[in-house]
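Student: Below is the structure I would like to discuss, written out as structure tokens.
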Amino acid sequence: MFYVAVSQANSWGADLPGSPVMRNPQFNGAPEPITVFMIPAKTWSDGTPAPPDQTKNRKEWRPAKMKDLFDPILVEATKQRILQLRLESERQWGSMAIAQTLAHCTSGIEMAMGVIHAKRAPFPANLLGLLIKPLVLRDDKPMRRNSPSSPELFSVDPTQCELQRERSRLIAAVENFASQGPMGCSRYPHPFFGPLNPQQWAILVYKHVDHHLRQFGV
């Protein structure tokens, strides 16, 4: 059980399908300006079993086969989408120019391979990331528009970004990530989601690149 300032349940991943987090409806802004969230456990703090009804309706998350950049077919499809980008490609949301966006995607892959070590998000975002990680990794649902990202992934000077160069760099990064495979993935924790195994890195890399390709309509 943990206490935060009054919050919407979904901002903490509470009461969503597959999420272990629940909001306590008895304490949501009254008598104190706080919201109480709970995570059911199978045992009490002293190790004794919790009552069965505490967990019987909570299904444990099991990963399904999802799109990831270890899949050679998906790698080729992603490269073809990158090649479709043009200077006149219309941005659907956000503010980054197309070349800067490609540089940002390359930085995301470099983070997944341990070249960039992004700082862990501060509390409570780091805790929230751990809680919603199973939701993000359970299906191929695209990332939300205007999702936050680490400052380290915006280190490239946007005035120095050129479309053709950044497109070539991103394609090379995609190929390198796929060819290195699980052994090439970072052991450093993700800034928001914390520790990830290689397949989880591959899933998130694909989701991130796909997110920005959709941003420009490809």
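The values are calculated or read from the model by the stated rules, or taken from the named source; none is laboratory data. Since we're looking at a predicted model, the values are computed, not measured. Ideal geometry is used to build each Cβ from the backbone, glycine not excepted, and the neighbour counts take in all protein chains shown.
Student: State which residue is farthest from P122 (Cα to Cα) when the search covers only segment 144-167 and only residues that are acidic (D, E) and under 23 Å from the mean Cα position of the chain (by Cα). Quick ask: steps written out before the conclusion?
Tutor: Keep residues of segment 144-167 that are acidic (D, E), which gives 152, 157, 162, 166.
Of the ones still in play, those that are also under 23 Å from the mean Cα position of the chain (by Cα) are 152, 166.
Working: E152: 15, E166: 31 Å.
The selected residue is E166.
Student: Can you pull out the residues in segment 75-123 that are among the acidic types (D, E) and touching a residue at least 24 places away in the same chain (Cβ under 8 Å)? Quick ask: steps written out before the conclusion?
Tutor: In the first step, residues of segment 75-123 are kept if they are among the acidic types (D, E); the result is 76, 88, 90, 110.
Of everything in segment 75-123, those that are among the acidic types (D, E) and touching a residue at least 24 places away in the same chain (Cβ under 8 Å) turn out to be E90, E110.
Student: Quick one: is S149 surrounded by 11 or more Cβ atoms within 10 Å (Cβ to Cβ), of a type in the set (G, A, S) and over 27 Å from P195 (Cβ atoms)?
Tutor: Values: surrounded by 11 or more Cβ atoms within 10 Å (Cβ to Cβ): yes; of a type in the set (G, A, S): yes; over 27 Å from P195 (Cβ atoms): no.
Spelling it out, it is not the case that S149 is surrounded by 11 or more Cβ atoms within 10 Å (Cβ to Cβ), of a type in the set (G, A, S) and over 27 Å from P195 (Cβ atoms).
Student: Another question, then. Among the numbered conditions (1) under 26 Å from F37 (Cβ atoms); (2) modelled with pLDDT of 90 or more, tell me where N146 comes up short.
Tutor: So the condition that N146 fails would be (2).
Student: Among what's in segment 55-81 and is over 21 Å from P198 (Cβ atoms) and assigned to a loop (DSSP other than H, G, I, E, B), pick the residue that is modelled with the highest pLDDT.
Tutor: N57
Student: Here is a further query. Could you list, in sequence order, all residues of segment 190-201 that are buried (at least 16 other Cβ atoms within 10 Å of the Cβ) and part of a loop (DSSP other than H, G, I, E, B)?
Tutor: P191, F192, F193, L196
Student: For segment 134-144, how many residues meet the condition of being in contact (Cβ under 8 Å) with a residue 60 or more places away in the chain and within 24 Å of W93 (Cα to Cα)?
Tutor: Of segment 134-144, the ones in contact (Cβ under 8 Å) with a residue 60 or more places away in the chain are 134-140, 142-143.
Checking the rest, the ones that are also within 24 Å of W93 (Cα to Cα) come to 135-137, 139-140, 142-143.
Within segment 134-144, residues that are in contact (Cβ under 8 Å) with a residue 60 or more places away in the chain and within 24 Å of W93 (Cα to Cα) number 7.
Student: Condition first: outside any helix (DSSP H, G or I) and either in contact with a His (Cβ under 8 Å, 6 or more places away or on another chain) or among the charged types (D, E, K, R) (or both). Now tell me which residues in segment 119-130 satisfy that.
Tutor: Of everything in segment 119-130, those that are outside any helix (DSSP H, G or I) and either in contact with a His (Cβ under 8 Å, 6 or more places away or on another chain) or among the charged types (D, E, K, R) (or both) turn out to be K119, R120.
Student: Among L204, L213, which is the only one that is at pLDDT 95 or above, of a type in the set (A, V, I, L, M, F, W, C) and closer than 22 Å to K133 by Cβ? Steps first, answer last, please.
Tutor: Working: L213 fails: closer than 22 Å to K133 by Cβ.
Result of the check over L204, L213: L204.
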